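Down below is the structure, laid out as structure tokens.
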Amino acid sequence: MYTVQQIADALGAEAEGDLSLEVTGLAEPDAARKGQLALAMDPKYAGKLAEGAAEAAMLWQGADWKSHGLKAAIFPARPRFAMSGLTRMMDPGAGYDRGIHPSAVIDPDAELGDNVSVGPLAVISRGARIGADSVIGPLAFVGVDAVIGKEALLREHASIGARVHIGDRFIAQPGARVGGDGFSYVTPEPSTVEQARKTLGDRGDTQAQDWARIHSLGSVRIGDDVELGMGATIDRGTIRDTVVGDNTKLDNQAHLGHNTVVGRNCLLCGQVGVAGSVRIGDNVVLGGKVGVGDNIFIGEGVIAGGGTNILSNVPAGRTILGYPATQMDKQMEIYKNQRKLPRILRDIAALQKAVFKSGEGD
Amino acid sequence: MYTVQQIADALGAEAEGDLSLEVTGLAEPDAARKGQLALAMDPKYAGKLAEGAAEAAMLWQGADWKSHGLKAAIFPARPRFAMSGLTRMMDPGAGYDRGIHPSAVIDPDAELGDNVSVGPLAVISRGARIGADSVIGPLAFVGVDAVIGKEALLREHASIGARVHIGDRFIAQPGARVGGDGFSYVTPEPSTVEQARKTLGDRGDTQAQDWARIHSLGSVRIGDDVELGMGATIDRGTIRDTVVGDNTKLDNQAHLGHNTVVGRNCLLCGQVGVAGSVRIGDNVVLGGKVGVGDNIFIGEGVIAGGGTNILSNVPAGRTILGYPATQMDKQMEIYKNQRKLPRILRDIAALQKAVFKSGEGD
Amino acid sequence: MYTVQQIADALGAEAEGDLSLEVTGLAEPDAARKGQLALAMDPKYAGKLAEGAAEAAMLWQGADWKSHGLKAAIFPARPRFAMSGLTRMMDPGAGYDRGIHPSAVIDPDAELGDNVSVGPLAVISRGARIGADSVIGPLAFVGVDAVIGKEALLREHASIGARVHIGDRFIAQPGARVGGDGFSYVTPEPSTVEQARKTLGDRGDTQAQDWARIHSLGSVRIGDDVELGMGATIDRGTIRDTVVGDNTKLDNQAHLGHNTVVGRNCLLCGQVGVAGSVRIGDNVVLGGKVGVGDNIFIGEGVIAGGGTNILSNVPAGRTILGYPATQMDKQMEIYKNQRKLPRILRDIAALQKAVFKSGEGD
């Protein structure tokens, strides 16, 4: 429970009215109960305030809070950004109990920092090191010699494989997984795939052969403030490590292949799939379901729209879309022009009739 | 074990022959052993009956069962629909033992209805409530204050996060997950992504900034008769709940982002990805790998073919396909016309030669 | 630890220099420490050797190893293939302890072969049979009457459902799952989807109806030497089994629907999604994010590039790409021609002006 004053101070926002009023949670304006802080940060939500029972609200700049029957109001400079601090203060969290649950299986040679919690039926393996104030959730797994920094949160069923290194403040949502083996197979002679890639299809004399496994001896190295969504997966590298930079976030079911290196402060949205040996610069945003082929380079600051399929290198700063990935404005033009094809065909037929019939007639 | 009579009665189907014949299971006609009910509900399978050893079969209307050497036959009015009742009767299930396994970790403040089973090494947290006749499978997890209705089945490794509310007859296939945090980040000043969305690529003066996390305080509310496939994931909402309506089914690895509301009786096929704050009406069918961008509205009864990428709102009743999503018949025409482009280029060249050369020659 | 001689012998490769030199691991040439074998199998890495401290290296044919300050060198005939044997020798593995962990829950009616290891908090159910020398990892699950061959490795959180049959040398990466129910629903009368498929969109008189579940009574049958990536999922069949042939590999988050039959020696890359009742021949390679619609047939040796969406049958031997799947060379031509559409529109406008204006002027 916080007072309006405390919240405004935490957000560096102005507030008016009864600043000692206490709020216990957040709500959309029409659903707000008494004691909740209503979120109505755009004038379009003004009408909704009357439908709820909030006495305090976070409002758009310049709102006439008294006219909405409120007792207090907070006015953040950039409401969207204020949501970060506000939701952090109010987050009820996963509700795990603190301390080490007696059913957890912790190897005597694992090393737990101060104030680490371990949930029921979690497994922490030999040689693993967990930083202070971390929480290892129920049924989670930490492998042999894995290192996790301080203030980590591993949710239920998350797993960190052997020898993986992770920085501070790591968050793994339920079932996120780090440290599977890379998908790497080879044939005794050059394979049909190696040949088809060179020729766009012609296999020449190559024959199908049995795939032999290349094992993954590398590990995964993850920076500080990284978050992985539910079911996200990161493979270990073949010889060197797969790498994820500081403050990079992977959404649910995102996937990074072996040897891939992702820069800092990237967002990889839901179901993004990045193949092996890809290099991704800093501040890259890949929309939902974006695919990236192996050995691709994606420059700093690239933004890819949802569903983009990246089959070749992308220079820094580009905004791309489509299959195959194309600059977004050009791709939108292609989409538009595709719909003109029936008209194009009619126009050509008319021209042919005019030009060649008359020509024949001469 | 059921008699032919019992099966016919359960399905409301006609039957002929020795109705007291007992069957122990179902089989394709050529693989059927004696004692199994062969499924040959289309005349094209008639020849296969002789390859198997079934004495009873479910056949197409009007089939001459005696000529196939059968002792009994069932004739459902709509064979495809009869498969629902028939497979429900014959399902051997997951084979879990009944009762509470002693290795399960059940918080004393959790509340279990009558006849609930809990498998080995499952975890049920403080304040959770599980309805009567539910089965919580091995290694499954139910979070703090989560509520699950009656007759639920959580398969191995499924997880339900804190405070999630689920209706009756819920099925979570292995590793299905509800209640991870939403993927929601914000920058102190408007981000390059906010700008690029407005302009289709031009970032103006915006600069890369570090992403700050917006926490998910909402939960997930799921109706009755919902099923989630293996590895499916549903995020909690930011302030309000993410919602899934009655009788809606998500296939393996389908994904729903934060705040998204899905109507009743929808089918979301394998690897469908729905971003945050999407609204999907009732009776919508999204084929395999369909992607839906954030804040999209999809009207009632929409059907999207496999791989469709939905980047803008879709009115009710549409059948769509493609990337970007287009009405299916128009999309098929685009695909066809794309293949005509080489001919179009040749035709234009011929016209140019005819028109401009002759023009020059004048 | 191996000597250079031992490694060369194992790979059938030539070696020169001090063959008794021992190496403890592999490294990229610039990162190699003393005691590691540097991998520099292409002349482009020659310069990197000086940056590291390796005394032994695996080099390209004909390399002048002495000039790089090495004491020994190995020269494999096909370096890429040599990586298979080399990484197998050097793999440090998942680091699991051998033996049966006391916290594992093993049903007394399960049958474990010689030398099987079971990790902490794993569950092995009644009637399950695990072949000799297999390793069931921490928190893994094996269902009722499931059969797994010898030398299997189930990593942490992997799960094998009831009655699944798996051959020898199976590998399940973390969280891989076999044996969920198929995604199969039916309506009392023909559904809008059945109708829309026939007509490309026109629903006629069909109305939305509630979906009824078809249960999965079949199981999953998997050959020898199969590997499943993290989060990969395979559904059981409806009546017959879903089948995966020998030596076929599924990457992370790949998905196989109910009744689908995959041949031998196939590679299904990251996030491949295969719907129900698909038949895939031997030696097929599906690139990352490839989607396959239900009831499709894919012939032997087909190679599909990343993101391909397969909506109709593909004859043996084809190399395909795109949405919808098209022969790769033709698809590349389509991509190229799409970019010419603005020019096509301009050319047509110019022709129209020339042809019809002059025509009018006559």
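Between beta-carbons, use under 11 Å as the cut-off and find the net charge around A:Pro324, counting Lys and Arg +1, Asp and Glu -1. Please report the intermediate quantities before stating the final value.
On the way: positive: C:Lys336, C:Arg339; negative: none.
Value of the local net charge: +2.
Just need the Rg to Rh number for the stretch B:2-90, please, alpha carbons only, Kirkwood Rh. Mind dumping the intermediate values first?
Numbers: Rg = 11.1 Å, Rh = 12.3 Å.
With Rg and the Kirkwood Rh in hand, the quotient comes to 0.90.
Taking N as the number of residues in the stretch A:95-145, what is its alpha-carbon radius of gyration divided by 2.2 N^0.38 Å? Walk me through the intermediate numbers first.
On the way: Rg = 9.5 Å, N = 51, 2.2 N^0.38 = 9.8 Å.
Computed over Cα atoms of the stretch A:95-145, the ratio equals 0.97.
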Checklist outcome for this item: When every protein chain stays in place and a 1.4 Å probe is rolled, A:Tyr96, A:Tyr335 sorted by accessible area with the largest first are A:Tyr96, A:Tyr335
Item to check | Cα-only Debye scattering, the protein assembly as shown: base-10 log of I(q)/I(0) at q = 0.05, 0.06, 0.07, 0.10 Å⁻¹ | outcome: -0.34, -0.49, -0.67, -1.30
Next on the checklist: If amide hydrogens are placed 1.01 Å from N in the peptide plane, which non-local residues have theirs closer than 5 Å to the one on A:Val244?
Outcome noted: A:Arg221, A:Ile222, A:Gly223, A:Val262
Next on the checklist: At 1.4 Å probe size, put B:Lys353, A:Lys71, B:Lys340, A:Lys289 in order of accessible surface, largest to smallest.
Outcome noted: B:Lys353, A:Lys71, B:Lys340, A:Lys289
Item to check | Calculated Rg and Dmax of the stretch B:59-154 using C-alpha coordinates, Å | outcome: 20.5, 64
Checklist outcome for this item: Cα extents of the stretch C:143-224 along the principal axes, largest first, in whole Å, come to 56, 24, 21
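Run the numbers on chain C and let me know its relative contact order in percent, using alpha-carbon pairs under 8 Å that are six or more apart. Walk me through the intermediate numbers first.
On the way: 987 pairs, mean separation 23.0, N = 362.
The normalised contact order for chain C reaches 6 percent.
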Checklist outcome for this item: In whole percent, the fraction of accessible protein surface over the stretch B:1-128 that belongs to carbon or sulfur atoms, probe radius 1.4 Å, stands at 47 percent
Checklist entry - A:Val302: net charge of surrounding residues, Cβ under 13 Å, Lys/Arg +1, Asp/Glu -1, itself excluded? => result +1
Checklist entry - Taking amide H positions as placed 1.01 Å from N in the peptide plane, with prolines and chain starts having none, which residues 5 or more places from A:Val285, or on another chain, fall under 5 Å of its amide H? => result A:Leu267, A:Val302, A:Ile303, A:Ala304
Checklist entry - Out of the DSSP beta bridges found with both residues in the stretch B:1-144, what percent are antiparallel (nearest 5)? => result 25 percent
Checklist entry - What does the charge count near A:Leu19 come to, summing +1 for each Lys or Arg and -1 for each Asp or Glu among other residues with Cβ under 12 Å from its Cβ? => result -4
Checklist entry - Tell me, what are the semi-axes, in whole angstrom and largest first, of the equivalent ellipsoid of chain A as set by the roots of 5 times the Cα gyration tensor eigenvalues? => result 46, 38, 14
Next on the checklist: Could you sort A:Glu333, C:Glu14, B:Glu156 by their accessible area in this structure, using a 1.4 Å probe and putting the largest first?
Outcome noted: C:Glu14, A:Glu333, B:Glu156
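The values are calculated or read from the model by the stated rules, or taken from the named source; none is laboratory data. None of the values given here were measured: they were computed from a predicted structure. Every residue, glycine as well, gets a Cβ built from its backbone with ideal geometry; the counts of neighbours run over all protein chains shown. Remember, those area values only see protein heavy atoms, side chains included, never the ligands or the DNA or RNA. Shrake-Rupley method; radii C 1.70, N 1.55, O 1.52, S 1.80 Å.
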